[in-house]
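S.K.: The structure under discussion is supplied below as structure tokens; questions concerning it will follow.
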Amino acid sequence: MSHIYADGLDKNPANYAALTPLGFIERAASVYPEQLAVVHGSIRRTWQQTYDRSRRLASALIAHGIGMGDTVAAMLPNIPEMVEAHFGVPMTGAVLNTLNTRLDPNTIAFMLNHGEAKALLVDREFSTLVAQALKQVNHPVLLIDVDDSQYTGPGERIGTLDYEALLATGDPHYAWQPPSDEWNAICLNYTSGTTGNPKGVVYHHRGAYTNAISNILEWDMPKHAVYLWTLPMFHCNGWCFPWTVAARAGVNVCLRKVDAQAIFDLIRNERVTHYCGAPIVHSLLVNAPDALKTGITHKVHAMVAGAAPPASMIEGMEQLGFELTHVYGLTEVYGPASVCAQHGAWDRLDIGDRARLNARQGVRYHLQDAIAVFDPASMRAVAADGETMGEIMFRGNITMKGYLKNPKATQEAFSGGWFHTGDLAVMYPDGYIKIKDRSKDIIISGGENISSIEVEDVLYRHPAILAAAVVAKPDPKWGETPCAFIELKAGAQLTAEEIISHCKKHLTGFKVPRHIEFGELPKTSTGKIQKFELRKRAGSIPAIDI
């Protein structure tokens, strides 16, 4: 339809540019070239140095044949090279695939094969793990060793290239170009599903840009914020914070391993202002010896996701002088895409009421279009009464492109024009949502997703087991842990210790059930196991030391 604004007012290079978070590092280096960007042990690099190293990485990868649409994987802890990879890899047009360092060789091999990784950055600590995985990879992979000076443990160089030597061949003035289309893929992240293999979640430049900016808005992050990397950068690209920190010309304070003393020392010495993590990280700090907590006189902002923060955690954070923000999301929405936005009036409430309000998953992120609780069958909003359950759904820019090589799963996830999370929740009259259950029975333990079906499949491999069901058991340290209910075959005998030993042969450590009960499982008339009954029982089952 023709109108006065339709003719002669077209997009052109002067009035339109694709949104990409890669521009954040260029601006930081241009405006604040001498501002501190990275701290790691004795390493202290400016934004200009970090930008130059990222461009060196990009040009060197291109020289080795990496380009548009290729996958570059990274098996790295939270070190400067991981920060650089978030810029250098997509500057080539390639897609960054950060691998979970806690996974087993079989799962890593699947990801490298499925994502068709052409190159892999590997830290020496994980060389044995990667070497085992590569035995199952069916195509050539350019291996690049990263030898972190802060790491003194076991491990060998297994690559054909050294990271620093590779950078030495690169051009610090490499003239990278923004993506021709902001819809282009920037990252690939694998998420645990409820069946077999993990799904590959594909992020686009536009989504990474908008979520990075939303992080700033939700936290009111100032220029030169000092961000401590307690959250793994392999997890949803660190909730997009590598790009967020660059946008604020902040400081990336790197941390190889979560340790209470190291965290408090860095907060104190580097005057850390912000950090993120699963509930277990915050609980670790709250319950640390008082001697570790002394000397912190500045305001620290903490972000928590996963299980809702209990009253004891909120109270403990307040005693530390830390301000806690509760967010919610999934890998498919770039990490956090909703926030429990706090109101000043809440400060006047007692700790119990504050905890009840802060335990909700909240409202949409600033730059997410919408969050809703719908009846998934009718796709109509449930009553905002705090009681009627429906499924949480998202819509907007902070939502994945889809699942790599899985059109069926992608179509199902976006059915009805919304992303279906699989999480069941209620909506309150004030528009805040709260999760009540997980329809896909995902267990969130220490910030890691565990598929109950994956664990059940392993249990069913044991010849003595007739039926098995795994549910989440609340845990004060980990948030949730797997609890297994076992029904044995007639005449069979099996101990909890034997089950644990069996699971350890097939599962990564954090997925092994810590609670086991034997007996007949409750079933419907059609033979379906009634997991809601098992969840009621789970709270009284003692843990097993594994």
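The values are calculated or read from the model by the stated rules, or taken from the named source; none is laboratory data. All figures in this text were calculated on a predicted structure; none of them were measured in a lab. We place every Cβ from the backbone using ideal geometry, glycine too, and count neighbours over all the protein chains shown. Protein only, heavy atoms only, side chains kept; ligands, DNA and RNA dropped before computing areas. Shrake-Rupley method; radii C 1.70, N 1.55, O 1.52, S 1.80 Å.
S.K.: Would you mind working out the accessible area per residue for region 388-514, using a 1.4 Å probe, and quoting it in Å²?
M.R.: Working: 5330 Å² over 127 residues.
I get 42 Å² per residue for this part.
S.K.: Output the relative contact order of the chain, whole-number percent, from Cα pairs under 8 angstrom with separation of 6+ residues.
M.R.: Relative contact order comes out at 11 percent.
S.K.: Can I ask one more? If you place +1 on the Cβ of every Lys and Arg, -1 on the Cβ of every Asp and Glu, and leave all else neutral, what size is the dipole of the chain about its Cα centre, to the nearest 20 Debye?
M.R.: Charge dipole, the chain, about its Cα centre: 360 debye, nearest 20.
S.K.: What list of ³J(HN,Hα) couplings, whole Hz, do you get for region 474-488 from phi and the Karplus terms 6.51, -1.76, 1.60, once you set θ to phi - 60° and write x for glycine and proline?
M.R.: Rounded to whole hertz, the list is x, 9, x, 8, 9, x, 8, 9, x, 10, 10, 10, 10, 10, 8.
S.K.: Which Cα, out of Val382, Gln368, Thr325, lies furthest along the positive dipole direction of region 319-382 (beta carbon charges, K/R +1, D/E -1)?
M.R.: Checked the options; the winner is Val382.
S.K.: Given H placed on each backbone N at 1.01 Å, which residues far from Leu142 in sequence or on other chains put an amide H within less than 5 Å of it?
M.R.: Amide H neighbours of Leu142: Ala119, Leu120.
S.K.: Rank these residues by their accessible area, most exposed first, probe 1.4 Å: Ile433, Ile216.
M.R.: Details: Ile433 0, Ile216 25 Å².
Largest to smallest exposure gives the sequence Ile216, Ile433.
S.K.: Sequence-distant or interchain residues sharing an amide H contact under 5 Å with Val300, placed H: which?
M.R.: Distant-sequence amide H within range of Val300: Glu323.
S.K.: Using +1 at the Cβ of each Lys and Arg and -1 at the Cβ of each Asp and Glu in region 30-93, identify which of Tyr51, Gly41, Thr71 lies farthest towards the dipole's positive end.
M.R.: Selected residue: Gly41.
S.K.: Let me ask something else about it. Using a Förster radius of 35 Å, what is the FRET efficiency between Ala383 and Arg537 based on their Cβ-Cβ separation? Nearest 0.05, please.
M.R.: Efficiency computed from Cβ-Cβ geometry: 0.70.
S.K.: Taking the dipole about the Cα centre of region 376-531, with the C-beta of Lys and Arg at +1 and of Asp and Glu at -1, give me whichever of Ile516, Gly396, Pro474 is farthest to the positive side.
M.R.: Selected residue: Gly396.
S.K.: Please report the accessible area of Met68 (heavy atoms, 1.4 Å probe, ligands and nucleic acids excluded) in Å², nearest 10.
M.R.: Roughly 130 Å² of Met68 is accessible to a 1.4 Å probe.
S.K.: How tilted is helix 311-320 with respect to the longest principal axis of the chain? Cα atoms for both, answer in degrees (0 to 90, nearest 10).
M.R.: 40
S.K.: Going through region 378-483, which GluC sites (Glu not before Pro) have at most 12 other Cβ atoms within 10 Å and a DSSP loop state?
M.R.: Working: sites: Glu387, Glu391, Glu412, Glu448, Glu454, Glu456, Glu480; in loops: Glu387.
Answer in residue order: Glu387.
S.K.: With the crude spin-label approximation of a point 7 Å out along Cα→Cβ, what separation in nm comes out for Ala311 versus Asp457?
M.R.: Calculated label separation equals 4.2 nm.
S.K.: What angle do you read, to the nearest 10 degrees and between 0 and 90, between the alpha-carbon axis of helix 260-269 and the longest principal axis of the chain?
M.R.: 30
S.K.: Would you mind working out the magnitude of the charge dipole of region 289-403 relative to its Cα centre, with +1 at each Lys and Arg C-beta and -1 at each Asp and Glu C-beta, to the nearest 20 Debye?
M.R.: Dipole of region 289-403, to the nearest 20 debye: 320 debye.
S.K.: Could you tell me what percent of the DSSP beta bridges with both partners in the chain are antiparallel, to the nearest 5?
M.R.: Given both bridge residues lie in the chain, the antiparallel proportion sits at roughly 60 percent.
S.K.: List the residues whose amide H sits under 5 Å from the amide H of Lys405, counting only those 5 or more places along or on another chain, with H placed 1.01 Å from N in the peptide plane.
M.R.: Amide H neighbours of Lys405, under 5 Å, 5+ apart: none.
S.K.: I'd like the orientation of helix 205-219 relative to the chain: the angle between its Cα long axis and the longest Cα principal axis, in ° from 0 to 90, rounded to 10.
M.R.: It is inclined by approximately 80 degrees.
S.K.: For region 203-362, with all protein chains present and a 1.4 Å probe, just round the carbon and sulfur fraction of the accessible area to a whole percent.
M.R.: Ligands and nucleic acids excluded, carbon and sulfur give 50 percent.
S.K.: I need the phi-derived Karplus couplings for region 323-340: 6.51 cos²θ - 1.76 cosθ + 1.60, θ = phi - 60°, integer Hz, Gly and Pro marked x.
M.R.: Each residue of region 323-340 in turn: 9, 9, 10, 9, 10, 9, x, 8, 4, 5, 10, 6, x, x, 9, 9, 9, 7 Hz.
S.K.: Which value, in debye to the nearest 20, gives the size of the charge dipole of region 240-346 about its Cα centre, when Lys and Arg are +1 and Asp and Glu are -1 at the Cβ?
M.R.: About 260 debye.
S.K.: I would also like to ask the following. So what is the calculated 222 nm ellipticity per residue for the chain, using -39500 (n - 2.57) for each DSSP H run with n of 4 or more, over all residues, to the nearest 500 deg cm²/dmol?
M.R.: Taking each H run of at least 4 residues, the total per residue is -8500 deg cm²/dmol.
S.K.: Here's another thing I want to ask about it. What FRET efficiency do you get for Asn269 and Thr169 if R0 is 56 Å and r is their Cβ-Cβ distance, rounded to the nearest 0.05?
M.R.: On the way: r = 35 Å, r/R0 = 0.63.
Efficiency for this residue pair is about 0.95.
S.K.: State, as an integer percentage, the relative contact order of region 28-121 based on alpha-carbon contacts under 8 Å between residues 6 or more apart. List each step's numbers first, then the result.
M.R.: Values: 134 pairs, mean separation 26.5, N = 94.
Normalised by residue count, the contact order of region 28-121 is 28 percent.
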